[in-house]
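Asker: Dropping a structure here in structure tokens format, bear with me for questions.
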Amino acid sequence: MSAVSVIIPTLDEADYIEESLDATLAQTVSDIEVIVVDGGSTDGTCEIVADHPDDRIILQENGDIVDSLNVGLEKASGRFVARVDADAVPDPTRFERQIELLERNPSVGLVGCFLRKKDPDTGATTLQREPVESAAIRRRLPLHNPIPHSTWMVRREVYETVGRYRSYRWEDYELLSRVIQQYEVRNLDAALVTEYDRPDSIIETTPTWRAILASAVCGLLVTARGSFSFIDRILFGLRIGVLAGRRFARIPVHTLSGLVPR
């Protein structure tokens with residue numbers, strides 16, 4: 001059993017995946033497995049992954065983002081499961097520091113960190129700071145996801161307790177809403193992930209006011225009920241996107257009524 005299973009979903013990431021893999025494999029925690037689950041790339045992403053010389057990499061071709069994440073979880077053998085985006089570069093000490101926090105705090109089920117966004121053209125960076133303590137994270141949840149998905153490290157047993165990803169466009173937000181009902185969550189007070197701020201990673205056609213409204217309403221429901229199960233009753237018929245969807249933004253935006261499992 002590896003200490004950490006790393007899940008990296010990909011879709012046409014040829015320009016970024018090698019840097020992400022190299023940084024992930026250079027962690028100070030070397031007992032890791034890296035599970036790359038591809039959603040149908042046509043730009044050579046899979047070939048780059050397959051040609052990488054490190055034998056800790058497992059390549060699995062699959063479907064959409066939620067399916068890819070769940071396939072990654074099925075293959076994961078580590079005590080901890082980390083998320084890395086294909087266009088994200090983790091600091092070499094990220095996994096070590098997250099494991100240290102989890103081992104010191106058995107009530108914490110999920111830990112993230114601050115995120116640094118990098119312009120791929122200019123190299124300029126901006127820091128995304130978030131609350132670090134569980135209570136403050138819960139208060140921020142109605143506004144947006146305060147633990148960036150590409151920074152997550154989760155105890156393996158958390159997924160066994162709360163379940164896996166569900167078929168929402170905002171799959172990370174929804175899963176966090178379940179985790180925070182049963183576990184403490186934290187952010188490390190450090191920017192340990194740099195992610196390229198790409199134009200094609202934004203929800204493509206969602207008007208800003210609708211995205212903000214959707215995010216706010218979803219967050220309020222998460223706080224009040226711990227799930228999105230009443231969304232279609234409140235906003236039925238509105239074609240509202242959300243602020244998530246960094247990775248597979250080209251998948252058509254669902255209507256809210258279609259987001260709730262039947």
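None of the figures in this text is laboratory data; all of them are computed from the coordinates on show. The structure displayed is predicted, hence computed values, not measured ones. Neighbour counts are summed over all protein chains in view; Cβ atoms, including those assigned to glycine, are modelled from backbone coordinates with ideal geometry.
Asker: Using modelled amide H (1.01 Å from N, peptide plane; none on Pro or chain starts), what sits under 5 Å from the amide H of residue 35, excluding residues fewer than 5 places away?
Answerer: Amide H to amide H, under 5 Å and 5 or more residues apart or across chains, residue 35 pairs with 6, 7, 8, 58.
Asker: Per 0.36 nm of contour for each residue apart, how much would the distance between residue 75 and residue 56 grow if the chain were fully extended, relative to their Cα-Cα spacing?
Answerer: 5.6 nm
Asker: Quote the FRET efficiency, to the nearest 0.05, computed for residue 15 versus residue 135 with a Förster distance R0 of 41 Å and r equal to the Cβ-Cβ distance. If you can, show how the numbers build up before the last one.
Answerer: Details: r = 40 Å, r/R0 = 0.97.
For R0 = 41 Å, the calculated efficiency reads 0.55.
Asker: So, one more: Per-residue counts of other Cβ atoms within 10 Å, averaged by peptide: what ranking do you get for 2-13, 100-111, highest first?
Answerer: 2-13, 100-111
Asker: Share of antiparallel DSSP beta bridges in the range 4-198, in percent to the nearest 5?
Answerer: So the antiparallel bridges in the range 4-198 amount to around 30 percent.
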